[in-house]
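The values are calculated or read from the model by the stated rules, or taken from the named source; none is laboratory data. Please read all numbers here as calculations on a predicted model, not as lab measurements. So basically every Cβ, Gly included, is an ideal-geometry build from the backbone, and we count neighbours across all protein chains shown.
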Amino acid sequence: MWISAGALMLALLAAAAFAWRAGPRSARSVPGARVRRWPARIAAALLLPLSAFFFYAWYAFYWKWDFNELGRYYDPVDQVVYTSSGFVWVVPAGLLLAAGLLCAWRGWRR
């Protein structure tokens, strides 16, 4: 599970880096060059919903329950003990949000 999630994160961040590099170039630096904004816009359109998904996963796996000082929550209805390992979901959510906002800023600035 974590290997595939890690590979997904690396692929998305590599795509964001590509979109950042292939994004708008200054039209003043190269005569006759057009400003390319579509790679950054596509990257932002992909990264921001994925960030929202990971923020939802963070809520669903961590903020939904009230953990005790040992990092455990006992659900008396289902008789299940949950541990507080769901806080890890905020890391990809934050990284994807930052990358998505940077790509959106680069893709839609004038």
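Residues that are loosely packed, with under 15 Cβ neighbours inside 10 Å, at pLDDT below 80 and among the hydrophobic types (A, V, I, L, M, F, W, C) do not occur anywhere in the stretch 91-108.
Tell me, please, whether a residue that is of a type in the set (Gly, Ala, Ser), modelled with pLDDT under 75 and touching a helix residue (DSSP H, G or I) at 6+ places or on another chain (Cβ under 8 Å) can be found in the stretch 20-29. Even if it seems obvious, please write down each step before you answer.
To start, the set of residues in the stretch 20-29 that are of a type in the set (Gly, Ala, Ser) comprises 22-23, 26-27, 29.
Cutting the leftovers down to modelled with pLDDT under 75 gives us 22-23, 26-27, 29.
Those still in the list that are touching a helix residue (DSSP H, G or I) at 6+ places or on another chain (Cβ under 8 Å) too: 22-23.
Yes, because at least one residue in the stretch 20-29 is of a type in the set (Gly, Ala, Ser), modelled with pLDDT under 75 and touching a helix residue (DSSP H, G or I) at 6+ places or on another chain (Cβ under 8 Å).
For the stretch 47-90, give me the residue count where each residue is out of contact with any helix residue (DSSP H, G or I) (no Cβ under 7 Å at 6 or more places or on another chain) and either at pLDDT 90 or above or aromatic (Phe, Trp, Tyr) (or both). Reasoning before the result, please.
Initially, the stretch 47-90 is screened for residues out of contact with any helix residue (DSSP H, G or I) (no Cβ under 7 Å at 6 or more places or on another chain), giving 49, 52-53, 56, 59-60, 63-83, 85, 88.
Next cut, either at pLDDT 90 or above or aromatic (Phe, Trp, Tyr) (or both) only: 49, 52-53, 56, 59, 63, 65, 67, 73-74, 82.
Going through the stretch 47-90 one residue at a time, the tally reaches 11.
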